[in-house]
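Just below is one structure, and these are the notes that go with it.
The values are calculated or read from the model by the stated rules, or taken from the named source; none is laboratory data. Quick caveat: nothing in here was measured; it's all calculated off a predicted structure. In this analysis, Cβ positions are derived from the backbone assuming ideal geometry, glycine residues included, and neighbour counts consider all displayed protein chains. Quick note on the areas: whole protein, heavy atoms, side chains included, nothing else; ligands and nucleic acids left out. Shrake-Rupley method; radii C 1.70, N 1.55, O 1.52, S 1.80 Å.
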Amino acid sequence: MPELPEVEITARRLDRALADAQVESALAPGMVTMKTFVPPLDELAGRSITRVSRRGKMPVVELGDLGLLIHLMSAGRLQLFDERASLRDKRSRLLLRIADGRELRLREFGTQQRAWAKLLPIEEVEADEAVAKLGPEAYPVPPLDELAEIVRQPHHLHPLLRDQRTIAGIGRTWVDEILWTARLSPFRKGAELSDEEVEGLHEAIDEVLGGALDHYEEVVGDSLPDKAPMPLRVHRKHGEACPRCGTTLEAVHFKDYVMTYCPQEQTSGRVLKDRRLSRLLK
């Protein structure tokens with residue numbers, strides 16, 4: 001799933017490219033894409049795009065007093081194209097056709113149609129259930145005292161930081177990078193962190209997410225790629241050497257994702273049990 005840095009650079013690029021662009025028509029080829037029906041999608045015809053912003057991992061296309069809230073899920077991409085897509089393109093979920101011939105297109109890869117959009121009065125975007133339940137934005141990183149209150153919970157750091165109700169924007173990719181940067185075990189409980197460790201986590205979130213955005217500003221042009229060139233140091237690099245200490249990076253495999261860590265620097269030299277092996281032994 002695109003996370004905060006990927007959605008933020010998407011919003012920045014689209015905001016720049018589509019400022020005051022007039023929508024000619026709006027279509028939803030994806031049968032289950034739209035989760036709202038009032039106002040109808042036709043209401044966007046003739047309106048100008050006033051801003052493209054972000055809430056957590058969700059882009060928001062603002063058109064005056066209406067807002068198009070989009071959830072990309074795991075395989076959705078919001079991109080601007082110079083030419084219009086065929087209505088037979090099975091990846092197209094939502095099409096905003098611009099008067100100058102361009103097209104803002106929500107595409108989804110794979111067979112599952114999970115990406116969705118809601119057209120809402122702009123003042124109702126913040127109150128929508130998908131937005132209202134979000135915790136504070138992960139970037140810019142919350143003040144240190146606020147972050148301390150957020151993370152000091154009796155839960156493991158890896159799922160805690162991925163919980164959008166706790167802090168918005170971090171997912172399975174960047175949490176590996178953040179915890180490695182902070183030298184914290186993914187299975188350390190937030191309630192156990194010392195003041196110094198919370199400060200280190202605060203610095204790591206700022207460094208990792210801010211660094212990813214700086215990287216994207218340099219390498220991502222106006223034509224947004226299907227997959228951004230992510231500046232990863234440890235995520236999914238198990239079996240390789242830790243960039244800091246040279247220890248072989250290890251991983252714990254879950255059903256839907258892989259968690260990567262450095263045993264030397266994050267788990268006191270312990271190699272954590274691989275869940276794949278545990279299932280085989282049952």
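Side notes on the structure shown:
- For segment 128-139, the candidate set comprises residues that are more than 15 Å from Lys35 (Cα to Cα) and assigned to a loop (DSSP other than H, G, I, E, B); within that set, the residue that is least open to solvent (accessible area, probe 1.4 Å) is Ala138.
- Any hit, segment 205-222, residues being in contact (Cβ under 8 Å) with a residue 12 or more places away in the chain, in a loop (DSSP other than H, G, I, E, B), open to solvent by 60 Å² or more (accessible area, probe 1.4 Å) and touching a strand residue (DSSP E or B) at 6+ places or on another chain (Cβ under 9 Å): yes
- Scope segment 161-177; condition more than 17 Å from Ser74 (Cβ to Cβ), buried (at least 22 other Cβ atoms within 10 Å of the Cβ) and touching a residue at least 24 places away in the same chain (Cβ under 8 Å); matching residues: Ile167, Glu177
- Residue under evaluation Pro225, criteria (1) exposed (fewer than 12 other Cβ atoms within 10 Å of the Cβ); (2) at pLDDT 95 or above, criterion not met: (2)
- Residue within segment 67-84 that is β-branched (Val, Ile, Thr), open to solvent by 40 Å² or more (accessible area, probe 1.4 Å), in contact with a strand residue (DSSP E or B) (Cβ under 9 Å, 6 or more places away or on another chain) and not in a helix (DSSP H, G or I) present: no
- Selected residue [under 24 Å from Lys273 (Cβ atoms), modelled with pLDDT of 95 or more and in a loop (DSSP other than H, G, I, E, B)] from Pro159, Pro186, Pro243: Pro186
- For Ile122, the requirement of being modelled with pLDDT of 95 or more, touching an Asp or Glu at 6+ places or on another chain (Cβ under 6 Å) and not small (Gly, Ala, Ser) is met.
- Identity of the residue in segment 189-202, touching a residue at least 12 places away in the same chain (Cβ under 8 Å) and either under 13 Å from Tyr139 (Cβ atoms) or outside any helix (DSSP H, G or I) (or both), that ends up most open to solvent (accessible area, probe 1.4 Å): Lys189
- Set side by side, the residues Arg97, Arg51 differ, and just one is open to solvent by 20 Å² or more (accessible area, probe 1.4 Å) and closer than 22 Å to Leu213 by Cβ, which is Arg51.
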